[in-house]
Amino acid sequence: MDLTLAAEELQFRDTLRGWLQANVPPPWTQPSKDAESKQAHLEYLRAWQRTLFDGGWAGVSWPREHGGRGVTIIEQSIFQEELALVQAPERLGVIGEGLVGPTIIAVGTEAQKQQFLKPLLMGDHIWCQGFSEPNAGSDLAALGTKAVLDGDHYVVNGQKIWTSFGHVANWCLLVVRTDPAAPKHKGLTCLLVDMKSPGVEFRPLKMLTGDAEFNELFFTDVRVPVSNVLGEVNQGWGVALTALGNERANLGTGLYMMFKRDFDRLLERVQTMRRSGRPITEDSIVRQKLAQAHLDLEVFRLNSLRTLSGMSNSHAPGPEGSILKLYWSEMNQRNAQLALEILGLPGQSWDFDDGRWAFNYLRSRGNTIEAGTSEIQRNIIAQRVLGLPRSY
Amino acid sequence: MEFDLSKPQKLLRETAHATLAQTCPLSRVREMMASETTHDKSLWQTIADQGWIGLHLDENVGGLGLGLVELTVIAEEMGRACLPGPYLATTWAATLLAQLANSQSIALLQSITLGEHTATVALLDQDSDWDIEQVQLQLRSTQSGWQLTGRKTLVLDAEASDTILCVVRQGSELAIVLVSARGSGLSLKKTRSLDATRTLYDVEFDGVSIAEHDIVAVGSQAREALEHSMRVATLAACAEMLGAMQWIRETTLDYAKTRKQFDRTIGSYQAVQHQCADMLLMTESARAATYYAAWALSASAPDADKAVAIAKAYCSDVGREVAHRGVQVHGGIGFTWEHDIHLFFKRIKVCEFLFGDATWQREQIAKLILA
């Protein structure tokens, strides 16, 4: 056991810190309400991706021959940590860089690599992921969006849901059914779909937070060239699993810094508050709750470090990713609740700290559903880690 | 960065596991827990011969010169074997003596690490908690020298110990004095602790004479040595809980894979699978917290104190939870005296309170993060 960073890792961090100091744009503070300001915000985020690309920081974990920086997994985690530390803008390209790109690198044709990888890193192509459907959530392989071969095109019809970045994406990694007669896992194919194709429509999906972070996508007779099949026809399930493995591995890292920032804000906030004539930080129940939130967050950090260290030795995201996902999603729910308990009735208001605590609490309810529900994660742990029989 | 045991550390774990499986099977644990002191001198000698008593201490005091990660490895295996007797008490006492580093304590340490001598620490006064500032028991000056009259409570393995390191006040200063556990004026009253594999005693001092050279530390030296030794002992308690959790988790999983109801193994039902998944998550998270604390303490990381408090708070909470769920998945057989799970369940339960339970530790964390 040695948790100190190696000399080359420290050097990587220092180089990155220096670059970030000179290149991180001031935070976007205007509310993005109307179409015009939303467009401006999009351009701001796109410009940040371009800045990263020009500085050689786009696709840090990708191999060098595909335009990446080829860094180790530990350096990748340093990268995410440092970006979070300087409160760098959010990454428009998370789906593309974390999920689509690595999958194209793994199974794509030479022509696909030429066509897609560089524009993705430059921020010209923004990707979304068309996986879930209204009737295919946890049971993803039951999806029903159909693609029928017509000459050198597939014709796609169906509906997708819970698509992040659907409203800004110009490309979509879409899973469709190409062989309805085959068993459900064996008739699927992955397609790379141009979102400007005729017949693609999206509708924002308002969540219980009131925000529309996701979209519903509708495909009506959308024509996709055969050359845009990713991997083999009817082998799409394996391709989708490759993509999801990358998703789960990526979701773990960087999250800690986000949660830590929330906790630090809470800590700062409580130091300004009084209740019953004394600072609430003198209340032993408040102290218990603050300490509990802190220790839960810290145990998550240590679990992440340990998983990272394990991945760095084995070079693959394993089913242990499910333990981490289960931990952080439930922890964030516990801590969002604790924050509300500490802040009391005023804290839940949309007018208190711009509704930060209300939003965090509501948004956290999605954590145990997105990227595999807690129930699915427990099934995965039971079956793939503990070797218990398949139960569904 | 490496968040895993090194090869020698893994070897140490394997050796400890194999040695304890052979010398201290659960049938032996049951025999020892039926004895008055739960202490078995021949088993103790085996442990001492391996160098595991004070293995984290310098070689010049008889230790192996290893670190706290290695101590954690050994203590985890002792928890996994549910080893009875004074290992935790002696580890605490030896760590405290090593901090004092005077000729008196070094001589004692050398015989402790050889297995010839055992020791414990008497800290708690009646009604005090783990805050050392609450110690009140006064060392009194009389015409015939220093004398001790009063009571210490819940002293680990006092009867199996040769020496008691007693935490007292000399005037307003904190002091540590060495008292022979078999000397005159001292009486022991055993408490029937929930964990029968480890004993707790009330120690009554009635005019016990203390020689000047047995006052081994006073004031800030006493406080700092005691604080450090308690961090190490707390870590060892976490490691024991971790080992016990590991035993429960593995045994429960094996049971879920073999026990049949409705013509299927109970481990094929999701309700049981999810219990097993949660037990793994909690045990592995406790492992991350405990080994991080060991590393932070040995590397003198700035957050070392907090890391120990976090490990203890977390292990106390999830250790209990893993134990409860283990009994639940076992069903009726898990509720019997015959099944071994209650030995580990009770070991965890008492460790939950030793050196401060989760609530007490959270207050320590609060002090650190609000400072």
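For this structure, a couple of remarks:
- Each residue in the stretch B:276-295 was checked for being more than 8 Å from chain A (Cβ to nearest Cβ) and over 27 Å from B:Y255 (Cβ atoms), and 1 pass.
- So A:L326, is it out of contact with any Leu (no Cβ under 7 Å at 6 or more places or on another chain) and either over 23 Å from A:S132 (Cβ atoms) or facing chain B (nearest Cβ under 9 Å) (or both): no
- Within this structure, B:G243 fails the test of being within 29 Å of the chain's Cα centre (by Cα) and on the phi > 0 side of the Ramachandran plot.
- When B:A313, B:A301 are checked against the criterion of being at pLDDT 95 or above and buried (at least 18 other Cβ atoms within 10 Å of the Cβ), a single residue qualifies: B:A313.
- Checked against (1) over 17 Å from the mean Cα position of the chain (by Cα); (2) away from chain A (no Cβ under 14 Å); (3) over 17 Å from B:R287 (Cβ atoms); (4) free of Cβ contacts under 8 Å to residues at least 60 places away in the same chain, B:W52 passes all but a single condition, namely (1).
- When each of B:V203, B:V232 is tested for being closer than 22 Å to B:L57 by Cα and more than 14 Å from every other protein chain (Cβ to nearest Cβ), the lone residue that passes is B:V232.
- Only one entry in B:I365, B:I341 is touching a His at 6+ places or on another chain (Cβ under 8 Å), facing chain A (nearest Cβ under 9 Å) and modelled with pLDDT of 95 or more, namely B:I365.
- Counting residues in the stretch A:284-294 that are of a type in the set (A, V, I, L, M, F, W, C), within 10 Å of chain B (Cβ to nearest Cβ) and over 30 Å from A:I74 (Cβ atoms) gives one or more.
The rows are residues; the columns are (1) under 30 Å from A:E375 (Cα atoms); (2) surrounded by fewer than 19 Cβ atoms within 10 Å (Cβ to Cβ).
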{"residue": "B:L188", "(1), (2)": "no, yes"}
{"residue": "B:I210", "(1), (2)": "no, no"}
{"residue": "B:D214", "(1), (2)": "no, yes"}
{"residue": "B:M230", "(1), (2)": "no, no"}
{"residue": "B:A233", "(1), (2)": "no, no"}
{"residue": "B:A237", "(1), (2)": "no, no"}
{"residue": "B:Q246", "(1), (2)": "yes, no"}
{"residue": "B:K257", "(1), (2)": "yes, yes"}
{"residue": "B:A271", "(1), (2)": "yes, yes"}
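- Across the stretch A:359-377, the qualifying residues are those that are in contact (Cβ under 8 Å) with a residue 60 or more places away in the chain and part of a helix (DSSP H, G or I), and the one among them that is nearest to the other protein chains (Cβ to nearest Cβ) is A:E375.
- A single entry from B:I74, B:I132, B:I106, B:I164 fulfils the requirement of being among the hydrophobic types (A, V, I, L, M, F, W, C) and at pLDDT below 95: B:I106.
- Screening the stretch B:251-275 for residues that are over 26 Å from B:L26 (Cβ atoms) and assigned to a helix (DSSP H, G or I) and picking the one that is farthest from the other protein chains (Cβ to nearest Cβ) gives B:A271.
- Of all residues in the stretch B:17-29 being in a helix (DSSP H, G or I) and free of Cβ contacts under 8 Å to residues at least 12 places away in the same chain, the one that is nearest to B:H339 (Cα to Cα): B:S27
- When A:I95, A:I105, A:I78 are screened for being under 23 Å from the mean Cα position of the chain (by Cα) and farther than 24 Å from A:S164 by Cα, only A:I78 passes.
- Qualifying positions in the stretch A:378-390 - outside any loop (DSSP other than H, G, I, E, B), within 8 Å of chain B (Cβ to nearest Cβ) and in contact with a Ser or Thr (Cβ under 6 Å, 6 or more places away or on another chain): A:I381
- The listed residues are A:A182, A:A136, and the only one of them that is farther than 23 Å from A:F79 by Cβ, surrounded by fewer than 23 Cβ atoms within 10 Å (Cβ to Cβ) and touching a helix residue (DSSP H, G or I) at 6+ places or on another chain (Cβ under 6 Å) turns out to be A:A136.
- Within the stretch A:1-47, the set of residues being small (G, A, S), more than 30 Å from B:G67 (Cα to Cα) and without any contact (Cβ under 8 Å) to a residue 12 or more places away in the chain comprises A:G18, A:A22, A:S32, A:A35, A:S37, A:A40.
- Verdict on B:A101 being on the phi > 0 side of the Ramachandran plot, surrounded by fewer than 20 Cβ atoms within 10 Å (Cβ to Cβ), at pLDDT below 95 and out of contact with any strand residue (DSSP E or B) (no Cβ under 6 Å at 6 or more places or on another chain): yes
The values are calculated or read from the model by the stated rules, or taken from the named source; none is laboratory data. What you see is a predicted model, and the numbers here were worked out from it, not measured in a lab. Neighbour counts are summed over all protein chains in view; Cβ atoms, including those assigned to glycine, are modelled from backbone coordinates with ideal geometry.
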